[in-house]
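*Asks:* This is the structure I have questions about; it appears just below.
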Amino acid sequence: MEFEIEKMTIKDLSEIMEVMENARQSVKKTEWFVSDEEEYVRQVLEGKGFLVGAREAKSRELAGFFMVFYPDVQDNLGQYAGLTGEELGKVVYMDSAAVKENYRGNGLQGCMLQRAEEALKEQQKEKGQDVQYCMCTVHPDNHSSLHTMEKNGYEIVSRESLYGGLDRYVLCKKHFL
């Protein structure tokens, strides 16, 4: 199968939510994936971040997405990496990734992560942003996602209870540029 990785727009919102629901229903363990509300995804698409998606080349079906979110300085994952003050303003979240069940096993999470990082670098140049730390969370038993993130330079900085009491590793890729 061939896939095209592209930036998502507000027009893709319903497809993104469909992928998210499929992931929520088909994940091995429910605590591995926390679905986002449609309003949150809309805010990301409207400027609080961005999403890249993988479309199957022939059918153009959205197979998966990867969300990047610009967090506030308060309540920032950077605190788990020992970041303070001005450093917290240089954090971006590699926030959420989902792949439809029938497209898993194609390495899409890693491909979308790499494209999201490229898009982030492009945005930094265009907007003069200064992102130094890419952060994410992964359930400790989700070995596939953990491997993908570590393979791409993310390191575990702590283990926390997040999202209403769910066990998560907090990972950070330092000195992003």
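*Asks:* Please give, to one decimal in nm, the separation of the simple spin-label points placed at R42 and V73, each 7 Å out from Cα toward the Cβ.
*Replies:* Calculated label separation equals 3.0 nm.
*Asks:* Report, ordered by chain and residue number, the aspartates and glutamates lying within cross-link reach of K125, taken as a straight Cα distance under 17 Å and ignoring same-chain residues fewer than 8 apart.
*Replies:* Straight-distance partners of K125: E117.
*Asks:* Something else now. What accessible area per residue, rounded to a whole number of Å², is obtained for the range 16-142 using a probe radius of 1.4 Å?
*Replies:* Values: 6000 Å² over 127 residues.
Counting only protein heavy atoms, the per-residue value for the range 16-142 is 47 Å².
*Asks:* Checking the table K11/K100; K48/K173; K100/K127 against a 23 Å threshold on Cα-Cα, which pairs fail?
*Replies:* Details: K11/K100 19 Å; K48/K173 20 Å; K100/K127 33 Å.
Over 23 Å apart, Cα to Cα: K100/K127.
*Asks:* Can you give the charge dipole size of the chain about its Cα centre, rounded to the nearest 20 debye, using +1 on the beta carbon of Lys and Arg and -1 on the beta carbon of Asp and Glu?
*Replies:* Around 420 debye, computed over the chain.
*Asks:* Where does the Debye-calculated log10 I(q)/I(0) of the range 49-126 sit at q = 0.11, 0.13, 0.26 Å⁻¹, using only Cα point scatterers of equal weight, no solvent?
*Replies:* -0.36, -0.48, -1.16
*Asks:* How much of the accessible area of the chain, probe 1.4 Å, is carbon plus sulfur, in whole percent? Write down the numbers at each step before the final one.
*Replies:* Values: 4040 of 9160 Å².
Of the solvent-accessible surface of the chain, carbon and sulfur hold 44 percent.
*Asks:* Run lengths n ≥ 4 of DSSP H only: what is the helix-derived mean residue ellipticity at 222 nm for the chain, with -39500 (n - 2.57) per run over all residues, to the nearest 500? Don't skip to the answer; put the middle values down first.
*Replies:* Values: 4 runs with 49 residues, N = 177.
Calculated mean residue ellipticity at 222 nm is -8500 deg cm²/dmol.
*Asks:* Using Cα pairs under 8 angstrom and six or more residues apart, how large is the relative contact order of the range 51-175, in percent? Before the final figure, lay out each step's value.
*Replies:* Values: 197 pairs, mean separation 29.3, N = 125.
Normalised by residue count, the contact order of the range 51-175 is 23 percent.
*Asks:* Something else now. Between S59 and K151, what is the spin-label point distance in nm, taking each point 7 Å from the Cα along the Cα→C-beta axis?
*Replies:* A separation of 2.4 nm, rounded to one decimal place.
*Asks:* Going by a ≥ b ≥ c, the root eigenvalues of the Cα gyration tensor, does the range 1-75 fall in the rounded group (a/c under 1.5), the prolate group (a/b larger than b/c) or the oblate group?
*Replies:* Values: a/c = 2.03, a/b = 1.24, b/c = 1.64.
Oblate shape, in that a/c is at least 1.5 and b/c is the bigger or equal ratio.
The values are calculated or read from the model by the stated rules, or taken from the named source; none is laboratory data. Since we're looking at a predicted model, the values are computed, not measured. Quick reminder, even Gly has a Cβ in these numbers, built from the backbone with ideal geometry, and neighbours come from all protein chains shown. Heads up: the accessible areas ignore ligands, DNA and RNA and are worked out on the full protein's heavy atoms, side chains in. Shrake-Rupley method; radii C 1.70, N 1.55, O 1.52, S 1.80 Å.
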